[in-house]
1. With the convex hull built on the Cα atoms of segment 22-123, state its orientation-averaged projected area in nm².
2. Provide the packing ranking of 90-96, 122-128, i.e. peptides ordered by the mean count of other C-beta atoms within 10 Å per residue, highest first.
3. What Kirkwood hydrodynamic radius, in Å, does segment 48-174 give when the mean of 1/r is taken over all pairs of distinct Cα atoms and then inverted?
4. What is the chain's relative contact order, in percent, from Cα pairs under 8 angstrom and six or more apart in sequence?
5. Take 75, 101 and order them by how many other Cβ atoms sit within 10 Å, fewest up front.
6. Hey, what did segment 98-189 get for relative contact order, percent, Cα under 8 Å, at least 6 apart?
7. Please arrange 115, 140 by how many other C-beta atoms lie within 10 Å of their C-beta, fewest to most.
8. Per residue of the chain, what 222 nm ellipticity follows from adding -39500 (n - 2.57) for every DSSP H run with n ≥ 4, rounded to the nearest 500?
């Protein structure tokens, strides 16, 4: 499986190198590679809107738009246990940022008060297993999930496998203020790093779960 993945990746890289040699096709190819990471479903009503743990304020703003449009009234966030650094800053009485508190305050400022908390997760793959158990326990029958742009396609695949088999349809939307710009990712070092890392993760997911 590892050898097969390396061969596929090599073919993709060589093909990209050939196209990049033609100036007119360069931006189109690079933009296409960026949008390969992005996926989105038409919005539809759901029992709850869930904001991914890495989308932060961008995800909360997107959730607020969806609530205002009437797609759901409840919003769920993943818990954020305090880090050792936060604990130490708090112990010393120094300024520190509590992302969980800040996220809740932002939701309240947007007029959203019906909020649920989901156990903390580590990465996209972990979200699927945790959400499956949480949705069953809470009686959730449909989910509208807000992701960052560069994780959205892989997220849709992971959540589709984790929830669809339990009869829980998932609609994935990406936050419009995500840092990753699929049309210009190659213009910044952070965009380049994101494209490379997320493309590798998506490729691994496709090879492990081709159907």
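1. Details: hull surface 40.0 nm².
Over all viewing directions, segment 22-123 projects a mean Cα-hull area of 10.0 nm².
2. Working: 90-96: 9.4, 122-128: 16.4.
Highest mean packing first, the order is 122-128, 90-96.
3. Details: mean 1/r = 0.0663 Å⁻¹.
Computed over segment 48-174, the radius equals 15.1 Å.
4. Numbers: 309 pairs, mean separation 62.0, N = 211.
Reported as a whole number, the value is 29 percent.
5. On the way: 75 25, 101 10.
So the residues, fewest neighbours to most, are 101, 75.
6. Across segment 98-189, relative contact order equals 26 percent.
7. 115, 140
8. Working: 8 runs with 112 residues, N = 211.
Result for the chain: -17000 deg cm²/dmol, rounded to the nearest 500.
Bear in mind that the values in this text are calculations on the coordinates, not laboratory data. In this text, all values refer to a predicted model and were calculated from it rather than measured experimentally. For neighbour counting, all protein chains shown are included, and Cβ atoms are generated from backbone atoms with ideal geometry for every residue, glycine included.
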